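Quick notes on the structure that follows.
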Amino acid sequence: GAPLCAVCRQELERLRVPDSACGHCLSPVRYGQPCSYCAHGGMAGLDQAFAPFVYKDLVRKLIVSMKFGPVEAAAAPLGIEMALCVSGIRFDMLVPVPLHRSRLRERGMNQSTVLAGLVCEQTGIPVMEALAKTRRIARQAGLPAARRATNVIGAFKVTGDVAGLDVLLVDDVRTTGATARECARVLREAGARSVCLLCAAVARMGGIDGQ
């Protein structure tokens with residue numbers, strides 16, 4: 001009756017973001033060296049990033065199942081761990097990264113909204129769908145870093161009142177962070193006091209130029 005067996009639960013432990021990762025963005029850092037992801041603007045507009053896992057192996061299987069199944073049960077172990085990442089930290093709202101309406105019809109669900117709902121259940125932070133995707137864009141997966149950044153420019157708009165609020169943006173995976181940065185930009189332009197990012201996993205951790 002559980003989403004994962006005991007063996008898979010042990011596998012998840014192996015896939016946690018390591019303690020040696022950058023405390024600001026969760027990318028790996030060499031001892032005594034600055035974080036290249038942060039140095040190259042990977043966290044522009046974002047105050048802090050939170051994620052329990054690295055995007056590989058079992059974590060990747062869970063997220064792919066959740067997104068393209070859709071198998072919502074795959075979201076349960078991810079959502080619980082995401083909630084633990086922000087336990088005790090105050091936020092005014094959880095804002096899921098939106099899908100374009102045509103993509104939403106294709107999938108039947110938005111994985112970010114599902115994850116935000118699970119985090120809400122654990123933390124009590126309310127979910128507000130304060131962002132909308134204004135146009136359908138090329139899939140970010142497979143695009144080089146520079147193309148990812150330009151692909152999302154102008155793709156989001158704020159549809160709720162976020163003025164003066166501390167927002168926790170929720171997504172499934174952070175790769176280059178282009179989507180999160182663009183969402184943070186429009187939220188801040190709408191008056192959000194702070195914008196942090198909560199993801200289930202961080203993919204291909206490293207400098208932004210190499211993602």
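The values are calculated or read from the model by the stated rules, or taken from the named source; none is laboratory data. Keep in mind it's a predicted model, so treat the numbers as computed, not measured. A quick note on method: Cβ atoms are made from the backbone with ideal geometry, for glycine too, and the neighbour counts reach across all protein chains shown. For accessibility, only protein heavy atoms count, side chains too; no ligands or nucleic acids. Shrake-Rupley method; radii C 1.70, N 1.55, O 1.52, S 1.80 Å.
Brief remarks follow.
- Counting only heavy atoms of the protein chains and using a 1.4 Å probe, residue 90 has close to 130 Å² of accessible surface.
- Computed from the C-beta positions of residue 68 and residue 161, the FRET efficiency with R₀ = 30 Å rounds to 0.35.
- For the chain: accessible area per residue (Å², 1.4 Å): 47 Å²
- Computed [θ] at 222 nm, deg cm²/dmol, the chain (DSSP H ≥ 4; -39,500 (n - 2.57); rounded to nearest 500): -10000 deg cm²/dmol
- Surface composition of the chain: carbon plus sulfur atoms contribute 53% of the solvent-accessible area (1.4 Å probe, protein chains only, all chains present).
- Rounded to whole Å, the principal axis extents of the Cα atoms in the stretch 1-60 read 44, 26, 15, largest first.
- Computed over neighbours whose Cβ is under 11 Å from that of residue 192, the net charge equals -2, Lys and Arg +1, Asp and Glu -1.
- Reachable aspartates and glutamates from residue 133, criterion Cα separation under 20 angstrom, eight or more residues apart if same chain: 106, 161, 171, 172, 182, 189
- As a calculated quantity, the FRET efficiency between residue 103 and residue 60 at R0 = 22 Å, using C-beta atoms, amounts to about 0.65.
- HN-Hα J in Hz across the stretch 183-192 - Karplus 6.51, -1.76, 1.60, θ = phi - 60°, x for Gly and Pro: 5, 4, 4, 6, 5, 5, 4, 7, x, 4
- Taken along the Cα-to-beta-carbon direction at a fixed 7 Å, the label points for residue 89 and residue 129 span 2.5 nm.
- Note on residue 7 and residue 31: with the Förster distance fixed at 30 Å, the Cβ-Cβ geometry gives a FRET efficiency of about 0.35.
- Remark: accessible surface ordering of 59, 71 (largest first) is 71, 59, probe radius 1.4 Å.
- Computing semi-axes √(5λ) of the Cα gyration tensor in Å for the structure here picks out one of (i) 53, 22, 14; (ii) 23, 21, 18; (iii) 31, 19, 17, namely (ii).
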